[in-house]
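The values are calculated or read from the model by the stated rules, or taken from the named source; none is laboratory data. Please read all numbers here as calculations on a predicted model, not as lab measurements. Here the Cβ is made from the backbone with ideal geometry for all residues, glycine too, and neighbour counts use every protein chain on show.
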């Protein structure tokens, strides 16, 4: 599965199949959440949250690609990500794009 955040693929002609998406709601371990609250007092990167969001993005991207495969797509173009806080220490990440099929 070819994934791009542009609305074209150089050298390829394709037909659009439809919107595909993948979501993931991820939470931080309560102990890590408490440690991060202390870290905000002194500043710096909250690495466990960074790792949490990276994992959530990877899962959402994989689920989006699987959705495209079920539709018979060859690629997903114009990929975007969105995130929102669900509650303290938990976030939803959504990956979405347009599934396309190559034309010979």
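Note on region 52-97: residues that are closer than 21 Å to residue 16 by Cβ and free of Cβ contacts under 8 Å to residues at least 24 places away in the same chain total 2. With within 21 Å of residue 7 (Cα to Cα), in a strand (DSSP E or B) and either modelled with pLDDT under 75 or touching a strand residue (DSSP E or B) at 6+ places or on another chain (Cβ under 6 Å) (or both) as the only criterion, which of 91, 99, 85 stands out? Going through 91, 99, 85 in turn, just one is within 21 Å of residue 7 (Cα to Cα), in a strand (DSSP E or B) and either modelled with pLDDT under 75 or touching a strand residue (DSSP E or B) at 6+ places or on another chain (Cβ under 6 Å) (or both): 99. Would a scan of region 58-76 turn up a residue that is part of a strand (DSSP E or B) and modelled with pLDDT of 95 or more? Yes.
Per the conditions (1) at pLDDT below 85; (2) surrounded by 14 or more Cβ atoms within 10 Å (Cβ to Cβ), the sole criterion not satisfied by residue 34 is (2).
Scanning region 1-16 for residues that are in contact with a helix residue (DSSP H, G or I) (Cβ under 8 Å, 6 or more places away or on another chain) and either over 16 Å from residue 96 (Cβ atoms) or at pLDDT 95 or above (or both) yields a single hit, 3.
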